[in-house]
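Below: one structure, written as structure tokens.
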Amino acid sequence: MNAQQPEDVYTHGHHESVVRAHASRTVENSAAFVMPHLTPGTSVLDVGCGPGSITCDFAGLVAPGQVIGLDRSPDIVAQAAELASERGVDNVSFQTGNIYDLDFEDETFDLVHAHQVLQHLTDPVAALREMRRVAKPGAIVAVRDADFHGMSWYPEVPELDDWMELYQKIARRNGAEPDAGRRLVSWAQQAGFTQVAPTSSNWLYATAQQRAWQSRVWSERVLHSAFAEQALEYGLANEADLARIAAGWHRWGATEDGYFLIPNGEVIARA
């Protein structure tokens, strides 16, 4: 990492519950705004690729174009490579790397993508500048991030209010910006992009199956992931607080009319 860049702390970590949630993401449910630009022969860099589910989808859409997935965690890169092998996708590769110092020449890729990454960075503008550097002239840099304070749910569950407050405190203690979605246009402009096309889309959990999935994933994360470790380490919560919040997630998940909306900001920026 460049000397001027501090070491980012990943609020979610890589607990199994986190990776399982990330592996459920597809181009259709998480990157539909990019689909019009995924044509055969397009070269793609997927920065912060996680377990590779979106990356492998990209590869299927742009073949024979080459796709590279990059993540800072060697374990996650190994999982992504295993997924590609299982799917039989041969035009994708995965490697470890640093978003602030990408190991590629200038003007290498037709499309550079980052999904739910900028919200965890201490310097998202620097990351966007680096993504812009490795994009060809006129190529696309595509980013999508949730906006935590834009999330809404029903019925009212006090423990979910406490969860939101705790998440905000942990993320900001890490120097990150959990309300990233609303800031993407500004960050892209600061990074030097002059053509910035914003859109938005939602994740919605409102069926019985969706509620059960969302509540189970987050109750596990509250108790066992890096979120829990950081809450305790920073003195922002104790184990009883976490147990209470996890129980609140279960109670929301057991409702018959529950609704949880996650808004996401999106930007297509031209290099």
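The values are calculated or read from the model by the stated rules, or taken from the named source; none is laboratory data. Note that the coordinates shown come from a computational prediction; the quantities given were computed from them, not determined experimentally. When we count neighbours, we look across all protein chains shown, and the Cβ atoms used for this are built from the backbone with ideal geometry, even at glycine. Protein only, heavy atoms only, side chains kept; ligands, DNA and RNA dropped before computing areas. Shrake-Rupley method; radii C 1.70, N 1.55, O 1.52, S 1.80 Å.
Assorted remarks:
- Residue, most open to solvent (accessible area, probe 1.4 Å), within region 62-75, restricted to residues that are within 12 Å of L111 (Cα to Cα) and not in a strand (DSSP E or B): Q66
- Within the option set A127, A114, being in contact with a strand residue (DSSP E or B) (Cβ under 8 Å, 6 or more places away or on another chain), open to solvent by less than 50 Å² (accessible area, probe 1.4 Å) and part of a strand (DSSP E or B) holds for one residue only, A114.
- Selection from region 235-271 of residues that are within 30 Å of T108 (Cβ to Cβ) and not in a loop (DSSP other than H, G, I, E, B): N264, G265, E266, V267, I268, A269, R270
- In region 127-146, the condition of being closer than 23 Å to G265 by Cα, out of contact with any Asp or Glu (no Cβ under 9 Å at 6 or more places or on another chain), in contact (Cβ under 8 Å) with a residue 24 or more places away in the chain and among the charged types (D, E, K, R) is met by at least one residue.
- Residue list for region 88-104, filter: closer than 17 Å to L61 by Cβ, of a type in the set (G, A, S) and in a loop (DSSP other than H, G, I, E, B): G88
- Lone qualifier among A59, A139 - being touching a Phe, Trp or Tyr at 6+ places or on another chain (Cβ under 8 Å), more than 19 Å from E177 (Cα to Cα) and either of a type in the set (G, A, S) or open to solvent by 10 Å² or more (accessible area, probe 1.4 Å) (or both): A139
- Qualifying position, being of a type outside the set (V, I, T), under 20 Å from Q66 (Cα atoms), open to solvent by 20 Å² or more (accessible area, probe 1.4 Å) and touching a helix residue (DSSP H, G or I) at 6+ places or on another chain (Cβ under 8 Å), among F104, F94: F94
- One residue stands out in region 235-246 among those that are out of contact with any Leu (no Cβ under 8 Å at 6 or more places or on another chain) and within 14 Å of E159 (Cα to Cα): the one that is least open to solvent (accessible area, probe 1.4 Å), namely A240.
- Counted residues, region 184-211 - those being crowded, with 18+ Cβ neighbours inside 10 Å, closer than 24 Å to F33 by Cβ and touching a Phe, Trp or Tyr at 6+ places or on another chain (Cβ under 8 Å): 1
- One residue alone among G175, G181 is under 24 Å from A32 (Cα atoms), out of contact with any Phe, Trp or Tyr (no Cβ under 8 Å at 6 or more places or on another chain) and not hydrophobic (A, V, I, L, M, F, W, C), and that residue is G181.
- Selected residue (criterion: surrounded by the fewest Cβ atoms within 10 Å (Cβ to Cβ)) from residues of region 23-56 that are of a type in the set (S, T, N, Q) and assigned to a helix (DSSP H, G or I): N29
- Pairs, first at pLDDT below 95 in region 180-199, second surrounded by 15 or more Cβ atoms within 10 Å (Cβ to Cβ) and part of a strand (DSSP E or B), C-beta under 8 Å, six or more apart: T194/R270
A quick yes/no check of all residues on (1) in contact (Cβ under 8 Å) with a residue 24 or more places away in the chain; (2) surrounded by 16 or more Cβ atoms within 10 Å (Cβ to Cβ):
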| site | (1), (2) |
| --- | --- |
| E220 | yes, yes |
| A226 | yes, yes |
| Q230 | yes, yes |
| E233 | no, no |
| G248 | yes, yes |
| A254 | yes, no |
| P263 | yes, yes |
